[in-house]
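These notes concern the structure reproduced below.
The values are calculated or read from the model by the stated rules, or taken from the named source; none is laboratory data. Worth saying up front: this structure is predicted, and the values here are computed from it rather than measured. FYI the Cβ positions are ideal-geometry reconstructions off the backbone, even for glycines, and counts take in every protein chain you see. Ligands, DNA and RNA are excluded from the accessible area calculation, which covers all protein heavy atoms including side chains. Shrake-Rupley method; radii C 1.70, N 1.55, O 1.52, S 1.80 Å.
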Amino acid sequence: MTIAEHLLPGWIGAFRARRPGVATQLRVMNSAHVIEAVTAGTVALGFVETPDLPADLRAVTVFTDQLVVVAGPGHPWARRAEPLDPAELATTALVEREEGSGTRAFLDRLVDDHRPAPLVELNSNSAICQAVVEGIGPAVLSRLAVEGYLRSGQLTEIPTRGPRLDRILQAVWQGRLSDGGTAAEFLEVALGGGRGR
């Protein structure tokens, strides 16, 4: 969802400028469903946020994303003087994405996959942001998804101890992308495209 909402629109624009006659179709789904579609051959090229990739898929990093812990301004974490310890994050129920999402898989791997059940599961980054704004609880999301909420003061970023929560976002495909094919050309745009450039 992070890739679809924040990176792909710029890549599609750059691709269409190169190849205006090529019809472009985007199917938005979580990482597990993207992997299923690529494996089944229903799509030639997919983009995922999960660190858990099958060995038979080819992959290349297209973007390094930073996850951040956020809470509403009224949440106790918003007033804490010390950075959040990973152990406390691991024992706190969060507003989270659904099973199969790359964000959730990354957090499970980073913190612990035996974390408490989510306060609520939502399959939209925007819905999670709004749930956090409404005070349901804290969340861990891509900085891309929360930066507008942070600027407006609707959400507060909670500093954490330890390494930054960086994850790689990857393009995935099976076999070999044909040279000069539209999937290979789109991948080329994504690799050089950064954030819509």
Go through segment 1-26 and give me each residue that's modelled with pLDDT of 90 or more, in contact with a Lys or Arg (Cβ under 8 Å, 6 or more places away or on another chain) and not aliphatic (A, V, I, L, M). H6, G10
Residue count, segment 35-69, condition closer than 29 Å to L89 by Cα and in contact (Cβ under 8 Å) with a residue 24 or more places away in the chain, comes to 17
Return a yes/no flag: does segment 180-189 have any residue that is in contact with a strand residue (DSSP E or B) (Cβ under 6 Å, 6 or more places away or on another chain), of a type in the set (A, V, I, L, M) and within 24 Å of D52 (Cβ to Cβ). yes
Restricting segment 1-48 to residues that are out of contact with any helix residue (DSSP H, G or I) (no Cβ under 8 Å at 6 or more places or on another chain) and part of a loop (DSSP other than H, G, I, E, B), which is most open to solvent (accessible area, probe 1.4 Å)? Q25
Looking at D56, is it within 29 Å of I136 (Cβ to Cβ) and acidic (D, E)? no
Where residues in segment 49-93 are assigned to a loop (DSSP other than H, G, I, E, B) and in contact with a Ser or Thr (Cβ under 6 Å, 6 or more places away or on another chain), which of them is surrounded by the most Cβ atoms within 10 Å (Cβ to Cβ)? E49
Considering residues that are part of a loop (DSSP other than H, G, I, E, B), open to solvent by 20 Å² or more (accessible area, probe 1.4 Å) and either more than 29 Å from G46 (Cβ to Cβ) or of a type in the set (F, W, Y) (or both), the number found within segment 143-180 is 5
What are the residue pairs meeting all of these: first residue in segment 13-34, first residue over 21 Å from R58 (Cβ atoms), second residue in a loop (DSSP other than H, G, I, E, B) and among the aliphatic types (A, V, I, L, M), Cβ atoms under 7 Å, and 6 or more apart or on different chains? V28/M1
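Among the residues of segment 103-124, how many are assigned to a loop (DSSP other than H, G, I, E, B) and in contact (Cβ under 8 Å) with a residue 40 or more places away in the chain?
2
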Residues within segment 181-190 that are in a loop (DSSP other than H, G, I, E, B) and open to solvent by 40 Å² or more (accessible area, probe 1.4 Å), tallied: 0
So in segment 127-142, with the set limited to residues that are assigned to a helix (DSSP H, G or I) and touching a residue at least 24 places away in the same chain (Cβ under 8 Å), which one is farthest from the chain's Cα centre (by Cα)? V133
Scope segment 144-183; condition modelled with pLDDT under 95 and acidic (D, E); matching residues: D166, D179
